[in-house]
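The next block holds one structure in the form of structure tokens; read it before the comments.
Values in this text are rule-based calculations from the coordinates and carry no lab data. Keep in mind it's a predicted model, so treat the numbers as computed, not measured. In this analysis, Cβ positions are derived from the backbone assuming ideal geometry, glycine residues included, and neighbour counts consider all displayed protein chains.
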Amino acid sequence: MPALVPTEFVGRVVWLGLNDDRAAGLCNRMVEALDLQFSGAVGESHSGLLRGACARVVSQYPRGTEIRNVRQLCLMSAEELAEIAANMGVAALDPALLGVSVLLEGIPDFTHIPPSSRLVNAALSITVDMENRPCHLPAKEIEADLAGKGGLFKAAAKGRRGVTGWVERAGGLRLGDTLRLHVPGQRSWVHN
């Protein structure tokens with residue numbers, strides 16, 4: 001019996017981004033396609049099979065501890081991005097300012113899809129690690145683009161910041177491609 005169950009939900013890729021140099025800033029540049037290998041997107045500053053532990057896992061490891069890189073990609077929903085913009089009182093937010101790798105439309109409540117879900121098509125598979133909690137880092141990029149609005153991001157993005165993920169099956173991803181959501185076939189953990 002399969003452990004992952006295909007759903008009826010399909011997301012269409014509406015924006016792809018790549019960050020060549022994280023030291024230069026959070027912003028991604030828009031690209032037409034991503035070459036996704038087991039280490040992540042080719043040329044992406046978040047790529048690699050391993051990474052140093054960060055604030056996301058500070059309860060498990062001291063900062064800088066070498067761990068598996070399950071944060072190769074930042075995936076967001078176009079619908080949730082529009083909600084964030086509305087909550088900030090702006091017409092739209094450029095996904096580049098948020099470091100988005102893959103922006104999808106068509107999967108409801110995207111930020112809360114279960115961890116270990118898969119986004120799959122005939123060419124590749126991306127495994128969802130966990131919710132990408134909003135942080136202060138995009139505020140600087142947003143502020144430079146939309147003066148007076150950067151400080152509003154963290155609260156506006158709560159529960160809408162998307163998920164982090166890693167490449168389970170390597171392949172190419174292009175604008176307009178679709179990815180079907182597969183979820184773990186288990187009940188929610190009731191003790192949380």
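Table for the structure above
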{"quantity": "Filtered residues of segment 66-124 (kept if in a strand (DSSP E or B), β-branched (V, I, T) and within 21 Å of E32 (Cα to Cα))", "calculated": "V102, V120"}
{"quantity": "Residue list for segment 22-35, restricted to those being surrounded by 10 or more Cβ atoms within 10 Å (Cβ to Cβ) and within 21 Å of L173 (Cα to Cα)", "calculated": "C27, N28, R29, M30, V31, A33, L34, D35"}
{"quantity": "Failed criterion for D129 (all others in (1) surrounded by fewer than 20 Cβ atoms within 10 Å (Cβ to Cβ); (2) in contact with a Lys or Arg (Cβ under 8 Å, 6 or more places away or on another chain); (3) of a type in the set (D, E, K, R); (4) part of a strand (DSSP E or B) hold)", "calculated": "(1)"}
{"quantity": "Which numbered condition P138 misses (of (1) within 18 Å of H182 (Cα to Cα); (2) surrounded by 14 or more Cβ atoms within 10 Å (Cβ to Cβ))", "calculated": "(1)"}
{"quantity": "Residue satisfying all of: in segment 36-78; over 16 Å from the mean Cα position of the chain (by Cα), of a type in the set (D, E, K, R) and under 26 Å from G11 (Cβ atoms); surrounded by the most Cβ atoms within 10 Å (Cβ to Cβ) among these", "calculated": "R51"}
{"quantity": "First in segment 15-30 and part of a strand (DSSP E or B), second anywhere and surrounded by 10 or more Cβ atoms within 10 Å (Cβ to Cβ) and hydroxyl-bearing (S, T, Y), Cβ under 6 Å, 6 or more apart", "calculated": "G17/S101"}
